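The values are calculated or read from the model by the stated rules, or taken from the named source; none is laboratory data. Because the structure is predicted, anything quoted here is derived from the model rather than measured. In this analysis, Cβ positions are derived from the backbone assuming ideal geometry, glycine residues included, and neighbour counts consider all displayed protein chains.
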Amino acid sequence: WQRQTLHDEL
Amino acid sequence: MNIFRLTGDLSHLAAIIILLLKIWKTRSCAGISGKSQILFAIVFTTRYLDLLSSFISLYNTSMKVIYIGCAYATVYLIYMKFRATYDGNHDSFRVEFLVVPVGGLAVLINHDFSFLEILWTFSIYLESVAILPQLFMISKTGEAETITTHYLFCLGLYRALYIVNWIWRYYFEAFFDLIAIVAGVVQTILYCDFFYLYVTKVLKGKKLSLPA
């Protein structure tokens, strides 16, 4: 899956 | 931002404020698990360390600051100001059985093996089980004040709305974060039994009490 380093959810 | 995420965040905020107001107005934290509240304070602290490293939006930053502030205020009220009313004997869930495995899991399964990312993952896993001491306390005493059930309902609603938000984001933004989704689904499942009791008892004007 796409790696997420910036977490924009709370 | 979509409507489900926004209402989810607001429901989360409502839960936190309901709990703070309940303790403040009744000058008592009877029936509230201090251990769950400490876990939530740890959850917010470890997750929102990115306040120092990245800026997403004014909304994002202010909500994070409010969540952290309220979490510590709640812990302060329970363990300091209204300590005499804290029901420690019934708050006997062993949190090390949550924190230690969750810490291990965060080190093993994460998106990126870096300090901030592991702490973020830890907070996601920990949040999914942080309510267990509270639910354990209710099952032990066999009852909960109605205001406490409203608190739990808002928390559970927030989780359910986040699942709808993820479905939305998957279809319209091609976004999905498997760690957040799996942990979020686990967390929502933990509320199912409570939701049933809330709808069948509290919404019909009865106090939430469990059969002995």
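Mind counting the residues in the range B:111-132 that are assigned to a loop (DSSP other than H, G, I, E, B) and modelled with pLDDT under 95? Here the count works out to 4.
Considering only the range B:71-78, I want to know if a residue exists there that is over 27 Å from B:Phe176 (Cα atoms), part of a helix (DSSP H, G or I) and free of Cβ contacts under 8 Å to residues at least 12 places away in the same chain. Checked against the condition, which is being over 27 Å from B:Phe176 (Cα atoms), part of a helix (DSSP H, G or I) and free of Cβ contacts under 8 Å to residues at least 12 places away in the same chain, the range B:71-78 yields at least one hit.
Apart from one condition, B:Tyr162 fits all of (1) over 22 Å from B:Lys22 (Cβ atoms); (2) buried (at least 21 other Cβ atoms within 10 Å of the Cβ); (3) free of Cβ contacts under 8 Å to residues at least 60 places away in the same chain; the exception is (3).
Right, B:Asn60: out of contact with any Pro (no Cβ under 9 Å at 6 or more places or on another chain), part of a helix (DSSP H, G or I), among the polar types (S, T, N, Q) and away from every other protein chain (no Cβ under 14 Å) or not?
The answer is no for B:Asn60.
Of all the criteria given as (1) of a type in the set (S, T, N, Q); (2) more than 17 Å from the chain's Cα centre (by Cα); (3) not in a loop (DSSP other than H, G, I, E, B), the one not satisfied by B:Ser92 is (3). When you check B:Lys35 against the structure, is it buried (at least 19 other Cβ atoms within 10 Å of the Cβ), in a helix (DSSP H, G or I), more than 14 Å from chain A (Cβ to nearest Cβ) and at pLDDT 95 or above, yes or no? Spelling it out, B:Lys35 is indeed buried (at least 19 other Cβ atoms within 10 Å of the Cβ), in a helix (DSSP H, G or I), more than 14 Å from chain A (Cβ to nearest Cβ) and at pLDDT 95 or above.
Within the range B:148-161, is even one residue part of a helix (DSSP H, G or I), under 23 Å from B:Leu203 (Cα atoms) and either among the β-branched types (Val, Ile, Thr) or at pLDDT below 95 (or both)? Looking for residues that are part of a helix (DSSP H, G or I), under 23 Å from B:Leu203 (Cα atoms) and either among the β-branched types (Val, Ile, Thr) or at pLDDT below 95 (or both), one finds at least one in the range B:148-161, hence yes.
Condition check: surrounded by fewer than 18 Cβ atoms within 10 Å (Cβ to Cβ), free of Cβ contacts under 8 Å to residues at least 40 places away in the same chain, assigned to a helix (DSSP H, G or I) and not aliphatic (A, V, I, L, M). Does B:Phe97 satisfy that? Yes, satisfied.
All of (1) closer than 25 Å to B:Trp24 by Cβ; (2) surrounded by fewer than 17 Cβ atoms within 10 Å (Cβ to Cβ); (3) within 14 Å of chain A (Cβ to nearest Cβ) hold for B:Phe55 with one exception: (1). Being modelled with pLDDT of 95 or more and surrounded by fewer than 18 Cβ atoms within 10 Å (Cβ to Cβ) is the requirement here; does B:Tyr48 meet it? For B:Tyr48, the condition - modelled with pLDDT of 95 or more and surrounded by fewer than 18 Cβ atoms within 10 Å (Cβ to Cβ) - is not met. In the range B:55-69 there is no residue that is closer than 20 Å to B:Ile138 by Cβ, in contact (Cβ under 8 Å) with a residue 40 or more places away in the chain and out of contact with any helix residue (DSSP H, G or I) (no Cβ under 6 Å at 6 or more places or on another chain). Candidates in the range B:116-141 are the residues that are away from chain A (no Cβ under 14 Å), among the aliphatic types (A, V, I, L, M) and closer than 13 Å to B:Ile42 by Cβ; of these, the one that is surrounded by the fewest Cβ atoms within 10 Å (Cβ to Cβ) is B:Val129.
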